[in-house]
Structure formats: C-alpha cells, structure tokens
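Q: The following block contains the structure, expressed as structure tokens.
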Amino acid sequence: MFVQNLALMIKTGFSIGDALATLSQQIKGKQFTRVILDLQQTVVKGESFADALKLHAEVFDDLFVNMVAAGETSGNLEQTLFQLSNQLKKSYALHKKIRNAMIYPSLILVVMLVVGTGMFVFVVPRILDLYTTSGYTLPLPTRIILAISDFIQYNGLVLGSLLGVLLIGWILFVRTEPGKFVWHRILLRIPIAGKIIKRITIARLSRVLNSLLVTDIPIVTSFKIIANTINNRVYRRHLILASQQLAKGNTIHSVLSSRPDLFEPVVTQMIKVGEEAGVLDTMTAEIATFYEDEVDSTMANLTVIIEPVLMVVIGAGVGFLAVAIVLPIYSLVDEI
C-alpha cells in the first residue's frame, strides 16, 4: 500500500519529500512510520531516494533499491514504483496462499502427535494392564502397542531430550549457509514439495527478471539482484554462477539449460525464443504468469489431496489401536 500510494502521489506531482511526509501520517505501524520519516529527512537533505533506501536494508531489499535507482536515473520513478507495487502484491498473494494451504495439515499433524502421545502414556497402559495380569498370551498387535507404550513411559524423557538436542543442532546447522544449502537441496528432492518449490521459485525469478528488464540495469547485475531475492540456496548459487557466465558473453538460455533439474525445458525454450526474437520481457512475463497460475492451482488442490491421505493415516492408526485393545477380549473368551 505504501509503494502504490507513493507512486500515485509522485505521478500527480508530489515531490518525494512531500509524498513521504504525507504517507508517514497514514501508516499505523510505528516502526515503519519512523522508517518513512527517516527517508523523508534524508531526501530533503539532498540525497537520492535510492540512497535513502540503502540506509534501511532490513526493510528494502536489493531489488527494491536497484529498481528505484534505475527509475530515478531514467526519470520514470512512478512507473518503477507501480511495477514494484505489482511485484509485492503478487509475492504477498502467493505467500498467503501457501501459508493458508499448510495450516490445515500442520494443525492435524500436531493434534495427532499430542493425542497419540497422550494415549500411549496415560490411556493404553491402564487398559492393557487388565490383559497382562490375566496370564494369557496376548495377540501380536496388542504386544506391539504394549511395547511402544512401555518404551515411551520408561524412555520418553531420554528420547525427548535426545530429539530436542538433535532438533536444536539441526536448527543451528540450517541457519548457516552450508546448512541452508543442504536443507534446500533436500526440499527440492521431496516428491510433491520439491515440485511446488521449483514452480514458486521459477515464478518469482521470472517475475523479478521481467521487472528488471524494463529498466536500464545490466543483465549481469540483474541476475545478481535476482539471486539475492531467491531464498532457495540451490537456485541462488546457480544464479550467481549464471551471472558470471553471462559476463563472459553466454546467453541466458545456455546458462539456465545447464541445470535441467532446476529449470524445466519449457522455461529454457521460452527464454531462448525470447532472446532470439528480442521479446525476452514478454516471454518472462508469460513464464511468470504460467507458473503463478500453476502454483495457484496446486495450492487450491493441495488441501483436497492431503485431507484424504491424513484421514487414511488417522483411520489406520485408530483402527490398529482399536484392534490391539479389543482383540484380546475375543482371545480371552475363546480360552475360557
């Protein structure tokens, strides 16, 4: 909203300083308001808007700063801000859909874990104690449930501590650059999640590249900027290498097609056609739109796909537990 209103005010004749001062009165967040006021004071002192943005790298990333700098240089700042606004809207909408799609399965898994642990610790032992004191040989499913319950009861603290240490160690490792690269490579190889991540990354990459192509930013610099906007470290590393290859005179198609595991043939072929025909900006927009639609469709159907799988898993677990508890009753009746 801030970027869109700023673009609109500049288009109608406001100076950047006046526009920022006005917008600072409309923003509800105190921290962001302080950022806008600091931008306004820096601009009033004679600094460029891009230089002012660089002082707040925690809010405005390299893509934002470089596109604003290009817009100021070319005299089309309002157009650049409208493009940034559109980019932010699409990114926000995509992240919101992903987050909403993952809420339901995550909630179900957490409830399953809590309820299952409670059953094995408090409920199952009391029920199965009736069978163990009878002296009869228990069926295999009952013995399995009993073994799991005993293991959790007598080793739960040690197991929980060990899992906690491993989890903390993994979190600390993933926060490092080598750890992020390993984790992101694992994610890309997960059957369903990997495909979704690839589509999301390609959609964002294409959308950002399309936004940068309309500016005067060199293609090598554009790829470096794009690399910093991509969270997945596998893609980021390849994009940095791609910028180095582009600096040597290679085509975008050739550097992207060297990693077919990251970029599907349809992407590289459309890039090739765009480069040869001189319509790369149009092609990247088409690629971005196509993959954004694919992600939208996948996210819309994800809950529909996951729900029956979760129901089958829950049903199988509840069914096995019910059989393990009820089956000894029939065995005892037969022996009597």
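Q: State all residues of region 132-190 that are surrounded by 13 or more Cβ atoms within 10 Å (Cβ to Cβ) and over 30 Å from residue 325 (Cα atoms); if no residue qualifies, say none.
A: Scanning region 132-190 gives 173, 174, 179, 180, 181, 182, 183, 184, 185, 187, 188.
Okay, residues lined up against (1) modelled with pLDDT under 90; (2) crowded, with 23+ Cβ neighbours inside 10 Å; (3) assigned by TED's automatic domain parsing to the domain that holds residue 71; (4) outside any helix (DSSP H, G or I):
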| residue | (1), (2), (3), (4) |
| --- | --- |
| 203 | yes, yes, no, no |
| 209 | yes, yes, no, no |
| 215 | yes, no, no, yes |
| 220 | yes, no, no, no |
| 226 | yes, yes, no, no |
| 245 | no, no, no, no |
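Q: Residue 79 - would you say it is surrounded by fewer than 17 Cβ atoms within 10 Å (Cβ to Cβ) and either at pLDDT 80 or above or in contact with a Pro (Cβ under 6 Å, 6 or more places away or on another chain) (or both)?
A: Yes: the conditions hold for residue 79.
Q: Looking at 297, 258 in this structure, which one is under 30 Å from residue 106 (Cα atoms), out of contact with any Pro (no Cβ under 8 Å at 6 or more places or on another chain) and among the small types (Gly, Ala, Ser)?
A: Working: 258 fails: under 30 Å from residue 106 (Cα atoms).
Selected residue: 297, the only one of 297, 258 that is under 30 Å from residue 106 (Cα atoms), out of contact with any Pro (no Cβ under 8 Å at 6 or more places or on another chain) and among the small types (Gly, Ala, Ser).
Q: Would you point out which residue out of 121, 59 is at pLDDT 80 or above and either loosely packed, with under 15 Cβ neighbours inside 10 Å or on the phi > 0 side of the Ramachandran plot (or both)?
A: One residue alone meets the criteria, 59.
Q: Additional query: Answer yes or no as to whether residue 185 is closer than 22 Å to residue 101 by Cα and of a type in the set (Lys, Arg).
A: Judged against the criteria, residue 185 is not a match.
Q: Just checking, does region 94-106 include any residue being under 27 Å from the mean Cα position of the chain (by Cα), over 30 Å from residue 8 (Cβ atoms) and buried (at least 16 other Cβ atoms within 10 Å of the Cβ)?
A: Taking every residue of region 94-106 in turn, at least one turns out to be under 27 Å from the mean Cα position of the chain (by Cα), over 30 Å from residue 8 (Cβ atoms) and buried (at least 16 other Cβ atoms within 10 Å of the Cβ).
Q: Then there's this: Over 30 Å from residue 64 (Cβ atoms) and not hydroxyl-bearing (Ser, Thr, Tyr), is that true of residue 178? First the steps, then the outcome.
A: Values: over 30 Å from residue 64 (Cβ atoms): no; not hydroxyl-bearing (Ser, Thr, Tyr): yes.
No; evaluated as a whole, the condition is false for this residue.
Q: Kindly check whether there is at least one residue in region 49-60 that is free of Cβ contacts under 8 Å to residues at least 12 places away in the same chain, in the same structural domain as residue 226 (by TED's automatic domain parsing) and in a helix (DSSP H, G or I).
A: Within region 49-60, the first condition is being free of Cβ contacts under 8 Å to residues at least 12 places away in the same chain, and the residues that meet it are 51, 54, 57-58, 60.
Keeping just the survivors that are in the same structural domain as residue 226 (by TED's automatic domain parsing) gives none.
Among the residues of region 49-60, not one is free of Cβ contacts under 8 Å to residues at least 12 places away in the same chain, in the same structural domain as residue 226 (by TED's automatic domain parsing) and in a helix (DSSP H, G or I), which makes the answer no.
Q: Taking only region 274-305 into account, find how many residues are surrounded by 18 or more Cβ atoms within 10 Å (Cβ to Cβ) and closer than 25 Å to residue 99 by Cβ.
A: Within region 274-305, the first condition is being surrounded by 18 or more Cβ atoms within 10 Å (Cβ to Cβ), and the residues that meet it are 274, 280, 283-285, 287-288, 291-292, 295, 298-299, 302.
Add one more test, that the residue is closer than 25 Å to residue 99 by Cβ, and what stays is 287-288, 291-292, 295, 298-299, 302.
Within region 274-305, residues that are surrounded by 18 or more Cβ atoms within 10 Å (Cβ to Cβ) and closer than 25 Å to residue 99 by Cβ number 8.
Q: How many residues does region 258-273 contain that are among the aliphatic types (A, V, I, L, M) and touching a residue at least 40 places away in the same chain (Cβ under 8 Å)?
A: 2
Q: So, in region 14-37, how many residues would count as being assigned to a loop (DSSP other than H, G, I, E, B) and basic (Lys, Arg)?
A: Residues in region 14-37 being assigned to a loop (DSSP other than H, G, I, E, B) and basic (Lys, Arg): 1 in total.
Q: Follow-up. Go through region 260-314 residue by residue and tally those that are modelled with pLDDT of 85 or more and under 30 Å from residue 116 (Cα atoms).
A: Here the count works out to 1.
The values are calculated or read from the model by the stated rules, or taken from the named source; none is laboratory data. Since this is a predicted model, take the numbers as computed values, not measurements. Quick reminder, even Gly has a Cβ in these numbers, built from the backbone with ideal geometry, and neighbours come from all protein chains shown.
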